[in-house]
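These notes are about the structure you will find just below.
The values are calculated or read from the model by the stated rules, or taken from the named source; none is laboratory data. As the structure is a computational prediction, the values presented were derived from the model and not from experiment. We place every Cβ from the backbone using ideal geometry, glycine too, and count neighbours over all the protein chains shown. When the accessible area is computed, the model is the full protein with side chains, heavy atoms only, and any ligands, DNA or RNA have been set aside. Shrake-Rupley method; radii C 1.70, N 1.55, O 1.52, S 1.80 Å.
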Amino acid sequence: MQTYQTICICGGGSLGHTVAASISHNGYHVNLLTGHPSRWSHHIEVTDCNGQLIKGEISLISNNPEEVIPSADIVLFCLPGYLIQSTLRTIAAFLRPDTEVGSVVCSSGFFWMAQHELGNGKKLFGFQRVPFISRVTQYGAKAALKGYKSLLKIGGSRNSDLQSLSAFFTQALNTPTVALSHYLEATLTNSNPILHPARIYGMLSDRTGDLYDREYLFYEEWDEKSSDILIQCDNEFQQILSKLPIHQDEIPCLLDYYESADAPSLTQKIRSIQAFKGIKMNMIPQNDGQFAVDYSNRYFTEDIPYGLLIIKSLGILLELPTPMIDKVIYWTQMKMNKSYLINGQLTGTDIKESGVLSNYQIHSITHLLNL
């Protein structure tokens, strides 16, 4: 069984704060690669949903990968999709051959980005869903952990030691962690890439204009229209999964995941989740007291090009129709002033700025399965 002592976190968002604090608190050395090293304290505190204070220490903080990467047994990306490939390119020269490189978010195309930048034979792994729901309360020093998962799942490349990694993260993140049988079972998720776009489309697509009288709550005001769209998108996603030689039960449909039977019960379930309380749509206050939708927030810039478009690209590869997913993409790309999907094909002028399979010369299911 492989042992790990030093972990380098790449990225300083909410997950970077909480993961760094938890891993350090449980007895491991933590380095941090961040674009804002001067804003970080070596001492970090996270208050969890039970009122417990998790204290961690960061050994090395730098924006220079040469200072923090070579000593790392594990490099863990806590980054949005649009930063993953460039960061992989930055750290490539400083990785040891035995270092495990992983991501807390795999649905953005991490595995094919990593193979493209690091080459074949690297030890790659990633989480199926993020370990925590968290928010930064003081950048570089404090965060709030709003919810734990009961079980974490990780997938990896053929060279990755998933059993050792599962044992490590079970202890380091205080959450049971198990290994999946294929990296696609971690990559293909109906979490944020479907959940967020379906909600945005359900909440906003029938409204005229971009100004609103208040900033809407993303989950607590969830409605049945959003649930119906989410179920349709997930049904299309499940049809895609059914054509792949993976364990589909590792990626349950959202009705099962949320223990619901239909759109009304799913709506009530999502509204009731404690960890989702207080999360807003992320709108921009205007001088007249109204609010404008921020089409540059992560619900758009992350979950469309590095989420839903990847699912669409797989649907195209399998020659499967995705009518509701297409509707969501057409509407969101219009609001973002982007061009991704044209006549059902991902041939828009902005498609290069996304995680879709064709950007990484993946044009067959055989290639995809054998990464």
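Side notes on the structure shown:
- Qualifying positions in segment 34-75 - within 17 Å of Ala143 (Cα to Cα), part of a loop (DSSP other than H, G, I, E, B) and of a type in the set (A, V, I, L, M, F, W, C): Trp40, Cys49, Ile58
- Any hit, segment 88-103, residues being over 28 Å from Met1 (Cα atoms), assigned to a loop (DSSP other than H, G, I, E, B) and open to solvent by 10 Å² or more (accessible area, probe 1.4 Å): no
- Of all residues in segment 106-122, exactly one satisfies the criterion of being without any contact (Cβ under 8 Å) to a residue 40 or more places away in the chain and crowded, with 24+ Cβ neighbours inside 10 Å, namely Ala114.
- Scanning segment 289-340 for residues that are open to solvent by 40 Å² or more (accessible area, probe 1.4 Å) and touching a His at 6+ places or on another chain (Cβ under 9 Å) yields Arg298, Leu317.
- Of residues in segment 175-222 being modelled with pLDDT of 95 or more, open to solvent by 50 Å² or more (accessible area, probe 1.4 Å) and not hydroxyl-bearing (Ser, Thr, Tyr), the one farthest from the chain's Cα centre (by Cα): Glu221
- Selection count where residues are farther than 10 Å from Met324 by Cβ and either open to solvent by less than 10 Å² (accessible area, probe 1.4 Å) or under 19 Å from the mean Cα position of the chain (by Cα) (or both), scope segment 223-236: 2
- Selection within segment 131-172 - open to solvent by 40 Å² or more (accessible area, probe 1.4 Å), of a type in the set (A, V, I, L, M) and touching a Lys or Arg at 6+ places or on another chain (Cβ under 9 Å): Val136
- Odd one out for Gln5, checked against (1) open to solvent by 10 Å² or more (accessible area, probe 1.4 Å); (2) within 24 Å of the chain's Cα centre (by Cα); (3) under 18 Å from Thr170 (Cβ atoms): (2)
Here's the yes/no breakdown for (1) out of contact with any Phe, Trp or Tyr (no Cβ under 9 Å at 6 or more places or on another chain); (2) on the phi > 0 side of the Ramachandran plot; (3) of a type in the set (A, V, I, L, M); (4) open to solvent by 20 Å² or more (accessible area, probe 1.4 Å):
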| site | (1), (2), (3), (4) |
| --- | --- |
| Gly16 | yes, no, no, no |
| Gly35 | yes, no, no, yes |
| His43 | yes, no, no, yes |
| Gly51 | yes, yes, no, yes |
| Gly56 | yes, no, no, no |
| Glu66 | no, no, no, yes |
| Ile69 | no, no, yes, no |
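- All of (1) of a type in the set (Ser, Thr, Tyr); (2) touching a Leu at 6+ places or on another chain (Cβ under 9 Å); (3) surrounded by fewer than 14 Cβ atoms within 10 Å (Cβ to Cβ); (4) farther than 28 Å from Gly156 by Cα hold for Ser364 with one exception: (4).
- Once segment 251-265 is narrowed to residues that are in contact (Cβ under 8 Å) with a residue 40 or more places away in the chain and open to solvent by less than 50 Å² (accessible area, probe 1.4 Å), the residue that is farthest from Val293 (Cα to Cα) is Ile251.
- Any hit, segment 186-200, residues being under 25 Å from Gln5 (Cβ atoms) and either touching a residue at least 60 places away in the same chain (Cβ under 8 Å) or in contact with a Leu (Cβ under 9 Å, 6 or more places away or on another chain) (or both): yes
- Hits in segment 266-283 - residues which are without any contact (Cβ under 8 Å) to a residue 24 or more places away in the chain and loosely packed, with under 15 Cβ neighbours inside 10 Å: Gln268, Ser272
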